[in-house]
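Engineer: Sharing a structure with you now.
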Amino acid sequence: MSENKEPRTVKFVYDFTEGNKDLKDLLGGKGANLAEMTNLGLPVPPGFTITTEACKVYLDSGEEPVALRDEVTAHLDALEQKMGKKLGQPDNPLLVSVRSGAKFSMPGMMDTVLNIGLGDKSVQGLAKQAGDERFAWDSYRRLIQMFGKTVLGIDGELFEDALEAAKSAKKVQVDTDLEATDLKKLVTKFKKIVKTEAGRDFPQDPREQMDLAIKAVFDSWNGDRAKLYRRQERIPHDLGTAVNVCSMVFGNLGPDSGTGVAFTRDPASGHQGVYGDYLQNAQGEDVVAGIRNTVPLAELEQIDKKSYDQLMQIMETLENHYKDLCDIEFTIERGQLWMLQTRVGKRTAGAAFRIATQLVDQGLIDEAEALQRVNGAQLAQLMFPRFDEDAKVQMIGRGIAASPGAAVGKAVFDSYTAIKWSRSGEKVILIRRETNPDDLDGMIAAEGILTSRGGKTSHAAVVARGMGKTCVCGAEELEVDTKRRRLTVNGTVVEEGDVISIDGSSGKVYLGEVPVVPSPVVEYFEGRMHAGADDADELVEAVHRIMAFADRKRRLRVRANADNAEDALRARRFGAQGIGLCRTEHMFLGDRRELVERLILADSEAEREESLKELLPLQKQDFVQLFEATDGLPVTIRLLDPPLHEFLPDITELSVRVALAESRKDANENDLRLLQAVHRLHEQNPMLGLRGVRLGLVIPGLFTMQVRAIAEAAAERKAAKGDPRAEIMIPLVGTVQELEIVREEADEVIAEVEAATGTKLKLAIGTMIELPRAALTAGQIAEAAQFFSFGTNDLTQTVWGFSRDDVEASFFTAYLEKGIFGVSPFETIDKDGVGSLVKAAAEAGRATRPDLKLGVCGEHGGDPESVHFFHEVGLDYVSCSPFRIPVARLEAGRAASTSTGSDHR
Ligand code: PEP
Ligand code: MG
C-alpha cells in the first residue's frame with residue numbers, strides 16, 4: 001500500500017462493513033444496502049463501494065480523484081487478505097464484479113462487469129480450483145464479452161454472432177451445450193474481436209481490468225439510456241453513481257448452484273408470501289434479463305431445502321428490519337447462499353396502499369410513516385378506469401400480471417414504430433419477446449407492454465412498474481415474431497396495427513378493444529362503493545384508511561375548481577372543502593353568446609343596459625344552483641376573465657362571409673357591424689390584452705351585473721334558509737387602483753341588494769394574484785383584498801414570458817431534452833422563480849392584513865410536488881379540478897406529516 005502523507009478530508013472508498021442503509025447519497029442504494037446487510041450479519045460476499053463523490057469529481061473534471069487509486073488499493077488489499085487470494089492470482093484467482101449503483105434504482109440503465117480478474121493464466125487456476133474447466137472458460141468468455149461491450153465500447157452483436165456461430169458449428173441450441181474446448185476457441189475469437197475493434201489487446205492485468213471497469217461505470221451515468229430514464233423518473237442529473245466492487249460468487253457452478261430474485265411480498269398485490277424466480281445453474285444477469293425461463297421461487301424448496309429455509313429466514317429479518325417490502329437478489333454457490341442485493345422494492349400503486357396499511361396493522365410503522373409510503377401519483381393511477389369484466393371479449397392469451405392498468409392500442413413490435421406511431425397520435429401496445437434497456441423509448445411511448453418471456457422481475461416488468469405503465473409479461477403461448485411484425489397464438493394472428501387490449505391486473509390479453517369501467521377507487525370516492533362493507537374491496541379499504549390519515553394530518557384545505565353544480569357536487573363527494581375557482585366565462589357561451597355579442601356591439605347605453613338586464617337573471621340562476629350545491633362551503637366566484645373577442649365570431653370566417661356577401665351585393669348590416677367590432681377588438685396578444693379586470697373597467701355594467709347576480713342569488717338562498725358563502729374574485733389585477741375601483745362599485749351593488757332584500761350578505765371581495773406586478777405590490781393590494789388566490793397559470797406565463805397555449809406544444813420538448821427544466825413549469829410550480837414570487841406576495845399580503853386568506857387555483861393546486869410547496873409557504877388552501885382532489889388531500893397530508901427518512905420512489 002502506498003503512503004499518502006497529505007491529510008485526507010474526503011474518503012472515497014468504504015468497505016461493506018463501514019456503510020449503512022442511510023448513506024444512499026454517498027454509497028448509492030446498492031452499496032448502502034449491501035453494507036446494511038453485512039452489518040446485520042447476513043451472508044454478503046465481501047467487497048467495497050466507491051462513492052458517488054468520486055464519480056462526481058470524475059464527471060466534473062474528466063479524471064478520477066487523485067486519492068482514489070491508493071484508496072482502492074488499500075481496500076483491495078484488505079479484501080484479498082479476507083478472501084485469502086489475490087485478484088487474478090494465477091493458481092487461485094480472486095474475481096470481482098464491478099457494478100453501478102446510484103442513489104435511486106435505475107434498472108439496467110448503467111453498466112456492470114462480472115468476473116474481473118480472469119486472464120489467460122488465471123483461467124487455468126480457476127478451472128483447477130473449481131474442478132470445472134468448462135465453467136472457467138465460460139466465465140472468461142463472459143468477461144471478455146461484457147468488458148468488450150461496456151468498457152471498450154465494442155458492438156455487442158459481434159460477440160453474439162460469434163457465440164451463435166460456435167453454437168451452429170457444434171449444432172447445439174443453447175450455450176450451456178458448448179464444451180470447454182468450444183469455449184476456449186470462442187475466447188480466442190473474442191480476443192480477436194477486441195483487438196480488431198478496440199485496437200488493443202484484452203488487458204491481462206487484473207488491476208487494469210478493474211480500473212477500466214470502474215471508469216466505465218462512472219461514464220455510464222451519462223449514457224443516453226440513463227439520461228432518458230432519469231428525465232422520465234425525475235431523478236436529478238447531478239447525483240452520480242457509486243461503484244460496488246464485490247467478490248464474485250458463482251451461480252453457474254452446476255445444478256447445486258443458481259441465482260434468483262425474491263420479494264418479501266407480492267409487489268403487485270402486497271400480499272405476504274413467497275414471490276420470486278429462481279434459475280438453476282446461472283449467473284445473476286440471466287434472471288433479470290429474462291432470457292432463460294425461471295422457476296417460481298417456491299420450487300427452490302425441493303431443489304435445495306437448506307438454502308430455501310435460510311432465504312426465508314433472511315427475508316423475514318429484512319422485512320422487519322426495513323419495515324417494508326424488500327426485493328432481493330441472491331446466488332447459491334454449491335449449496336452456500338449469498339445475498340447480492342436488497343432494497344426497498346418497487347411496487348404497484350395498489351400494493352403501495354395495501355402494504356402501508358398492513359404495516360401499520362403489524363405495528364411496524366405509524367400513520368405518518370404510512371403516508372410517506374404512498375403518493376399522489378399512485379393514487380391518481382388507481383383512479384384510472386379498468387376493463388369491463390362483463391363485456392364480450394375475445395381473450396387470446398394470458399401472461400403474468402406485471403404492472404396493473406387497462407391498456408388498449410395498436411400492436412407494434414419494435415420501439416421505433418411505437419415512438420413513430422404514438423407521435424402521430426396513435427395509441428400503441430409494444431409487443432416484444434422480452435425487452436431490454438434499448439426499448440426504453442418505446443416503452444415510454446406505448447400505452448402498455450406485452451412480452452412473451454420473462455417473469456415478474458424481468459426488465460419489462462420492473463421498468464413498467466416503475467413508470468406506472470400497464471404490463472403483461474411472460475405470456476408464453478404467444479409466438480412473437482418481431483421480424484414479420486406479428487404474433488401468433490393458437491391459430492390467431494395479430495398483425496402490426498391490429499388493436500389489442502391488455503390487462504396488467506389479471507395478465508389477460510384480448511383481441512380488439514375491450515370497454516373500460518371506472519376504478520373501484522373512483523366508485524368509492526363517488527360514494528357508490530363503501531369501505532367497511534362486507535364485500536368491500538381490499539384496495540378501497542386501504543385507500544379509505546390512508547385518506548383518513550391524510551385528512552387528520554393536513555393543514556392545507558382543499559377546494560375545487562368547478563363552474564357548475566354538477567362539478568361542485570362531485571368535488572364535494574371527493575372531499576372538497578369549497579370551490580376555489582368558479583370561472584364564470586362558461587356562463588356566457590352557448591345560447592347566451594348572442595346576448596354577449598349584443599352587449600359588446602351596443603351603440604348606446606340603453607342598448608347595453610338591455611343586454612345586461614337579460615343576462616342578469618340567467619347569471620343569477622347559475623349562482624343559485626351553485627350555492628345550493630355548495631351550501632355551507634366557501635365558493636370563490638371569479639368575474640369574467642377572457643378577452644372579449646372570444647365571444648365574437650372568428651375573424652377569418654366572418655371576413656370571408658362578408659366578402660362573399662359583398663360580391664353578391666347583399667351584405668348584411670349586422671355582419672358588417674360585427675366585422676368592424678371584431679377588427680376593433682382584435683389583439684396580437686390577447687392573453688396580455690383586454691381581459692380580466694380591464695374588461696370590467698372598460699365595459700360599464702358588466703362586473704356590476706355579475707356582482708348583482710351573485711348578491712341576489714345569495715339573498716335568495718338565505719331566504720330559503722340556505723347557507724351561501726360566496727367570495728367575489730377579481731381577475732388579472734396588476735395594481736391596487738384597479739381593484740379599488742371595482743371594489744367600490746361592487747360594494748355599492750351589494751349594499752343595494754342588502755337593502756332591497758333586507759338580508760346581510762357578508763360577501764368577501766378578493767383578487768387573483770396572477771401578474772408579476774400584483775405579486776410585487778401584494779402589500780398594497782392586500783389593503784383592498786380580503787383574500788388572494790394565486791393564479792399560477794398566468795403567473796407562470798407572465799413570469800417566464802411563455803405563452804401558455806403555445807409553448808408546451810412548440811418547444812418544451814426541446815427544453816426538456818436539454819434539461820433546462822425537468823418538468824414543465826405549467827405542471828409543477830417553478831419554485832425558484834414563480835414560487836418565490838408566491839412566497840414573497842403571501843408574506844407581504846399578510847404583513848398588511850394578518851387575516852388575509854391565501855389560496856392557489858392554478859393547475860399547480862393539484863400537482864403533488866407543488867402542493868408540498870404551497871404547504872411550506874403557508875397558504876390556507878389549494879384548489880384543483882374535482883378529479884385531482886383526492887390527490888391534493890393525500891399530498892397535503894404527506895406534506896404535513898414528518899417523514900422518518902425513508903426514500904420511497
Ligand atoms: C390562473 O391563471 O392560474 C388561473 C387559475 O386562471 P385561468 O387559468 O383561468 O387564467
Ligand atoms: Mg388566470
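Each value in this text was obtained by applying a stated rule to the coordinates, not by laboratory testing. Note that the coordinates shown come from a computational prediction; the quantities given were computed from them, not determined experimentally. Methodologically, a virtual Cβ is constructed for each residue, glycine included, from the backbone with ideal geometry; neighbour enumeration extends over all protein chains shown.
Engineer: Would you mind checking the tilt of helix 885-896 against the longest principal axis of the Cα atoms of the chain, expressed as 0 to 90 degrees and rounded to 10?
Structural biologist: Helix 885-896 sits roughly 70 degrees off the main axis of the chain.
Engineer: Efficiency by 1/(1 + (r/R0)^6): what FRET value for Asp155 and Asp256, r their Cβ-Cβ distance, R0 = 30 Å, to the nearest 0.05? Please list the in-between numbers first.
Structural biologist: Details: r = 36 Å, r/R0 = 1.21.
Taking R0 as 30 Å, the efficiency between Asp155 and Asp256 is 0.25.
Engineer: Continuing with the same structure: Normalise the Cα radius of gyration of region 513-575 by 2.2 N^0.38 Å (N = residues in it) and let me know the number. Walk me through the numbers before you get to the answer.
Structural biologist: Values: Rg = 13.8 Å, N = 63, 2.2 N^0.38 = 10.6 Å.
So the Cα radius of gyration is 1.30 times the expected 2.2 N^0.38 Å.
Engineer: Here is a follow-up. Please get the size of the charge dipole for region 797-905, origin at its Cα centre, with Cβ charges of +1 on Lys and Arg and -1 on Asp and Glu, quoted in debye to the nearest 20.
Structural biologist: Numbers: 11 positive and 16 negative charges, 71 e Å.
About 340 debye.
Engineer: Among Leu615, Ala352, Gly156, whose Cα lies farthest out toward the positive end of the dipole of the chain, if unit charges sit on the beta carbon of Lys, Arg (+1) and Asp, Glu (-1)?
Structural biologist: So the residue we want is Gly156.
Engineer: Taking the Cα centre of region 721-783 as origin and charging only Cβ (+1 Lys, Arg; -1 Asp, Glu), how large is the dipole, in debye to the nearest 20?
Structural biologist: Working: 6 positive and 12 negative charges, 62 e Å.
In debye, rounded to 20, region 721-783 gives about 300.
Engineer: Identify all lysines with a Cα-Cα distance to Lys121 below 16 Å; exclude those on the same chain that are fewer than 8 residues away in sequence.
Structural biologist: Those lysines meeting the cut-off are Lys85, Lys86, Lys184, Lys185, Lys191.
Engineer: Taking one equal scatterer on every alpha-carbon of region 836-902, how large is log10 of I(q)/I(0) by Debye at q = 0.22 1/Å?
Structural biologist: Results for region 836-902 at q = 0.22 Å⁻¹ read -0.90.
Engineer: How many percent of DSSP beta bridges within region 384-517 run antiparallel, rounded to 5?
Structural biologist: Working: 24 of 34 bridges.
Given both bridge residues lie in region 384-517, the antiparallel proportion sits at roughly 70 percent.
Engineer: Same structure, new question: Could you give the length gained on full extension between Gln737 and Ser824, defined as 0.36 nm per residue of separation minus the Cα-Cα distance, in nm? Write out the running numbers ahead of the final one.
Structural biologist: Working: separation 87, 0.36 × 87 = 31.32 nm, distance 3.34 nm.
Value of the extension gain: 28.0 nm.
Engineer: For a paramagnetic label modelled at 7 Å from the Cα of Asp747 toward its Cβ, which residues of region 818-851 fall within the zone defined by backbone nitrogen distances under 19 Å?
Structural biologist: 848-851
Engineer: Select from Leu672, Thr630, Pro267 the residue farthest towards the positive end of the dipole of the chain; place +1 on Cβ of Lys and Arg, -1 on Cβ of Asp and Glu, and compute about the Cα centre.
Structural biologist: Of the listed residues, the answer is Pro267.
Engineer: Contour minus end-to-end for Glu594 and Gln394, with contour as 0.36 nm per residue of separation and end-to-end as the Cα-Cα distance?
Structural biologist: Working: separation 200, 0.36 × 200 = 72.00 nm, distance 5.07 nm.
Length gained between Glu594 and Gln394: 66.9 nm.
Engineer: Once the piece of chain linking Lys721 and Glu605 is laid out straight, how much longer is it, given 0.36 nm per residue of separation minus the C-alpha distance between them? Walk me through the numbers before you get to the answer.
Structural biologist: Working: separation 116, 0.36 × 116 = 41.76 nm, distance 3.73 nm.
Here the segment from Lys721 to Glu605 would lengthen by 38.0 nm.
Engineer: May I pose another question? Tell me the angle of helix 349-361 to the major Cα principal axis of the chain, expressed in degrees between 0 and 90 and rounded to the nearest ten.
Structural biologist: For helix 349-361, the angle is close to 80 degrees.
Engineer: Report P(r) for region 258-347: all Cα-Cα distances, bin width 5 Å, range 0 to the bin holding the largest distance, values in whole percent.
Structural biologist: So the P(r) values, bin by bin, are 3, 15, 29, 27, 19, 8, 1.
Engineer: Which value, in debye to the nearest 20, describes the size of the charge dipole of the chain about its Cα centre when Lys and Arg Cβ atoms bear +1, Asp and Glu Cβ atoms bear -1, and nothing else is charged? Can you show the working numbers first?
Structural biologist: Working: 111 positive and 141 negative charges, 320 e Å.
That gives the chain a dipole magnitude of about 1540 debye.
Engineer: Put a dot 7 Å past each Cα toward the Cβ at Trp800 and Gln81; how far apart are the dots in nm?
Structural biologist: Label-label distance for Gln81 and Trp800, simple model: 5.7 nm.
Engineer: Mind giving me the nanometre distance, one decimal, between the label points for Asp534 and Met312, set 7 Å out from Cα along Cα→Cβ?
Structural biologist: 3.5
Engineer: Here is a further query. Would you mind checking the radius of gyration and Dmax of the chain based on alpha-carbon positions, in Å?
Structural biologist: 32.9, 106
Engineer: Roughly what % antiparallel, to the nearest 5, for the DSSP beta bridges in region 13-247?
Structural biologist: Working: 17 of 18 bridges.
Roughly 95 percent of the DSSP beta bridges within region 13-247 come out antiparallel.
Engineer: Calculate, for Arg552 and Glu523, the FRET efficiency according to 1/(1 + (r/R0)^6) with r their C-beta to C-beta distance and R0 22 Å; round to the nearest 0.05. Show your work: numbers first, answer last.
Structural biologist: On the way: r = 23 Å, r/R0 = 1.07.
Plugging the Cβ-Cβ distance into 1/(1 + (r/R0)^6) gives 0.40.
Engineer: Of Ala711, Tyr229, Phe384, whose Cα points farthest to the positive end of the dipole of the chain (charges on the beta-carbon: +1 Lys, Arg; -1 Asp, Glu; origin at the Cα centre)?
Structural biologist: Positive-end residue among those listed: Tyr229.
Engineer: A follow-up question, please. Nearest 10 degrees is fine. How inclined is helix 68-83 to the longest principal axis of the chain, computing both from alpha carbons?
Structural biologist: 50
Engineer: With a ≥ b ≥ c taken as the square roots of the eigenvalues of the C-alpha gyration tensor of region 117-171, please select rounded if a/c is under 1.5 and otherwise prolate if a/b is larger than b/c or oblate if it is not? Walk me through the numbers on the way to the answer.
Structural biologist: Working: a/c = 3.66, a/b = 1.32, b/c = 2.77.
Oblate, since a/c reaches 1.5 and b/c is not below a/b.
Engineer: Over region 13-247, how many percent of alpha carbon pairs lie in each 10 Å bin up to the one with the longest distance?
Structural biologist: Per 10 Å bin, starting at zero, the Cα-Cα P(r) for region 13-247 comes out as 8, 30, 34, 22, 6, 0 percent.
Engineer: Using packing as a proxy for protection, rank 156-169, 357-370, 689-702 so that the peptide with the highest average count of other Cβ atoms within 10 Å comes first.
Structural biologist: On the way: 156-169: 14.6, 357-370: 17.2, 689-702: 19.1.
Packing proxy ranking, top to bottom: 689-702, 357-370, 156-169.
Engineer: Still on this structure: Among DSSP beta bridges whose residues both lie in the chain, state the antiparallel percentage, nearest 5. Please report the intermediate quantities before stating the final value.
Structural biologist: On the way: 64 of 102 bridges.
Bridges in the chain that DSSP calls antiparallel: roughly 65 percent.
Engineer: How about Lys620: which aspartates and glutamates have a C-alpha closer than 12 Å to its C-alpha, ignoring those fewer than 8 places off in the same chain?
Structural biologist: Output for Lys620: Glu712, Glu716.
Engineer: Excluding residues on the same chain fewer than 8 positions from Lys469, give the lysines whose Cα lies under 24 Å from its Cα.
Structural biologist: List returned: Lys103, Lys227, Lys346, Lys410, Lys420, Lys427, Lys456, Lys508.
Engineer: Once you place label points 7 Å from the Cα toward the Cβ at Asp25 and His679, how far apart are they in nm?
Structural biologist: 6.5
Engineer: Per residue of the chain, what 222 nm ellipticity follows from adding -39500 (n - 2.57) for every DSSP H run with n ≥ 4, rounded to the nearest 500?
Structural biologist: Numbers: 36 runs with 402 residues, N = 905.
Per the formula, -13500 deg cm²/dmol.
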